[in-house]
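What follows is a short report on a single structure.
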Amino acid sequence: MRNVIILGSQWGDEGKGKIVDLFSENFDIVTRYQGGNNAGHTIFIGEKKFVLKLIPSGILRPGKKAVIGNGLVIDPSALMSEIDALEASGIDVRANLFVSNRAHVLFPAHRMMEKMSEGRVGRISIGTTSRGIGPCYEDKTGRRGVRVADLLERDAFHAHYDSLMEEKAAIAKLFCISQDLDYGAIRDEYDAFAERIRPMVCDTALLLNRAILEGQSVMFEGAQGSMLDIDHGTYPFVTSSNATAGGACTGTGVAPTRISGVIGVSKAYITRVGGGPFPTEALDGVGEQIRTRGNEFGAVTGRPRRCGWFDAPLMRYTAAINGFDSLVVTKLDVLDEFEQIPVCVDYRMDGRELDEMPPTVAEIEKIEPVFEQMPGWRSKTFGIDCFDDLPSKAKDYLAFLEQQTGVEVGCVSTGPERMQTIIRKGSRLEKLLF
Ligand code: GDP
Ligand code: IMO
Ligand code: MG
């Protein structure tokens, strides 16, 4: 049995897409388990660039199955555009993509509701991706959401949709939001989406569990990152789903007893998009230097990502809640030019050392990070694919991260392409993959 969860250990954009695409060679099925088209997973294959938002990164491997699990929220319009763009690039999506009949359906009204909450005076602005993700999950937990299976039953869907939109319109009116939505036309559009999605829809929990029983292997692809998890992240500056390892089970219907390992993906430094506390943020010119070297701009919204230094206490926290067996450290090459590389080794607050992640934003904002300076290697690691070829100071840096986080670094990424990767011989990660 080889069923592995791969997820972000920081605030997203760790390079999961590249890693899932690379590792998917060794799996039969790749499934997403949460989130929606707020994700942006970038993959370079030769000259071609793909940005996957809803479709699992495994789709780029011919013959591999890709599953959109029940834990996702699906904007059908975004899904259709993504399918069309991939098919235009020669990827056979429809033959390999399976969509859960229990995933929730996202409507334009969800984006309208999000605009309202993000813009309202007195409400905390999260700095979301504006894709309507939060309001769609609100409807899910509020037990009034429309699921893919509901969308396929036209008459029942119409009744359900009309009553849901009546509520949205009433709320919008109450809060004086201009509504430029034509609810009837949107309903027609969704009827058309239903017919396009129908051939791909199935009980994906059944599909995955049957495949596992037959001895096939499944990779679970996390979106966002652990610190954006609705329960364990920097609430309320989080997304609305469980990005952490537990979400892989609830978001697919595959039991924890079927999971053989969990791999965390981390940058060699750290970034965050949107608002919220960020203890190791580099607010000086150095942050700008990381942003430029790492091309740290959001794959979905194009916003500049906030950049900072590797945060070991944060990683110890996410390693604990996810049970990481191994870490993939990406974008090592981005640090090639730095003379010194600060690493946060401890948190202090009010003169005392903290050994837990504080639960509130107010407390996290008070954290004083304790940094240790690691000597930079000041030579090119870009593209190196063999561990022994790394400069010794880069190896020392990785060893320091292992020591500080308590998790092995089983894989190192030195560039955006598949081949620009090192898988360490004898690592737990190697055992999980092969
Ligand atoms: P994801 O959301 O976790 O899949 O990450 P994103 O795709 O949003 O952002 C990661 C960015 O870093 C993408 O543009 C990748 O092509 C790029 N990338 C991934 N790994 C590396 C690496 O090791 N070095 C460099 N220079 N870029 C990388
Ligand atoms: P991938 O999968 C980075 C952030 C948003 C915002 C917060 C809530 O590419 O790593 P949402 O639209 O989800 O309600 O926004 O979460 N966010 C991400 N940040 N990478 C992502 O996805 C993200 N998805 C959401 O910027 O701060
Ligand atoms: Mg991303």
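The values are calculated or read from the model by the stated rules, or taken from the named source; none is laboratory data. Being a predicted model, the structure only gives us computed values, none of them experimental. Don't worry about glycine lacking a Cβ; one is built from the backbone with ideal geometry, like all the others, and counts go over all protein chains shown.
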Going residue by residue through the stretch 141-153, is there one that turns out to be in a helix (DSSP H, G or I), free of Cβ contacts under 8 Å to residues at least 40 places away in the same chain, surrounded by fewer than 17 Cβ atoms within 10 Å (Cβ to Cβ) and among the β-branched types (Val, Ile, Thr)? yes
Give the stretch 187-243 a look and list any residue that's among the small types (Gly, Ala, Ser), within 16 Å of ligand 1 (Cβ to nearest atom) and in contact with a Leu (Cβ under 9 Å, 6 or more places away or on another chain), or say none. 222, 223, 225, 226, 241, 243
Take the residues in the stretch 193-214 that are touching a residue at least 12 places away in the same chain (Cβ under 8 Å) and not hydrophobic (A, V, I, L, M, F, W, C); name whichever of them is surrounded by the fewest Cβ atoms within 10 Å (Cβ to Cβ). 199
Boolean, residue 334 is part of a helix (DSSP H, G or I) and in contact with a strand residue (DSSP E or B) (Cβ under 9 Å, 6 or more places away or on another chain): yes
Pick from 264, 247, 275, 251: which is within 16 Å of ligand 1 (Cβ to nearest atom), small (Gly, Ala, Ser) and closer than 24 Å to residue 135 by Cβ? 247
Kindly evaluate residue 258 against the criterion of being surrounded by fewer than 20 Cβ atoms within 10 Å (Cβ to Cβ), within 16 Å of ligand 3 (Cβ to nearest atom) and over 17 Å from the mean Cα position of the chain (by Cα). no
Subset of the stretch 195-211 that is in a helix (DSSP H, G or I) and β-branched (Val, Ile, Thr) - its residue that is farthest from the chain's Cα centre (by Cα): 197
Considering every residue within the stretch 317-336, establish whether at least one is more than 25 Å from the chain's Cα centre (by Cα) and either more than 30 Å from residue 432 (Cα to Cα) or of a type outside the set (A, V, I, L, M) (or both). yes
Restricting attention to the stretch 1-49, and to residues there that are within 17 Å of residue 86 (Cβ to Cβ), among the hydrophobic types (A, V, I, L, M, F, W, C) and surrounded by fewer than 24 Cβ atoms within 10 Å (Cβ to Cβ), which single residue is farthest from ligand 2 (Cβ to nearest atom)? 45
Of the residues 336, 389, 311, which is acidic (Asp, Glu), under 19 Å from residue 423 (Cα atoms) and modelled with pLDDT of 95 or more? 389
One residue from 243, 299 being hydrophobic (A, V, I, L, M, F, W, C), under 25 Å from residue 36 (Cβ atoms), assigned to a loop (DSSP other than H, G, I, E, B) and modelled with pLDDT under 95: 299
Note on the stretch 339-355: residues touching a residue at least 24 places away in the same chain (Cβ under 8 Å) and touching a helix residue (DSSP H, G or I) at 6+ places or on another chain (Cβ under 8 Å) are 341, 343, 344, 345, 346, 347, 354
Counted residues in the stretch 43-79 being under 15 Å from the mean Cα position of the chain (by Cα), within 16 Å of ligand 1 (Cβ to nearest atom) and of a type in the set (Val, Ile, Thr) come to 3
Of all residues in the stretch 395-434, which are closer than 26 Å to residue 347 by Cβ and either part of a helix (DSSP H, G or I) or at pLDDT below 95 (or both)? 396, 397, 398, 399, 400, 401, 402, 403, 404, 405
State whether one or more residues within the stretch 57-75 are within 14 Å of ligand 3 (Cβ to nearest atom) and out of contact with any Pro (no Cβ under 8 Å at 6 or more places or on another chain). yes
Considering the stretch 212-230 alone, what residues qualify as being within 15 Å of the chain's Cα centre (by Cα) and of a type in the set (D, E, K, R)? 221, 229
Filter the stretch 309-331 down to residues that are in contact (Cβ under 8 Å) with a residue 12 or more places away in the chain and either part of a helix (DSSP H, G or I) or in contact with a His (Cβ under 8 Å, 6 or more places away or on another chain) (or both), then give me how many there are. 10
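Yes/no per residue for (1) of a type in the set (Ser, Thr, Tyr); (2) away from ligand 2 (no atom under 14 Å from the Cβ):
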position	(1), (2)
210	no, yes
215	no, yes
225	no, no
250	yes, yes
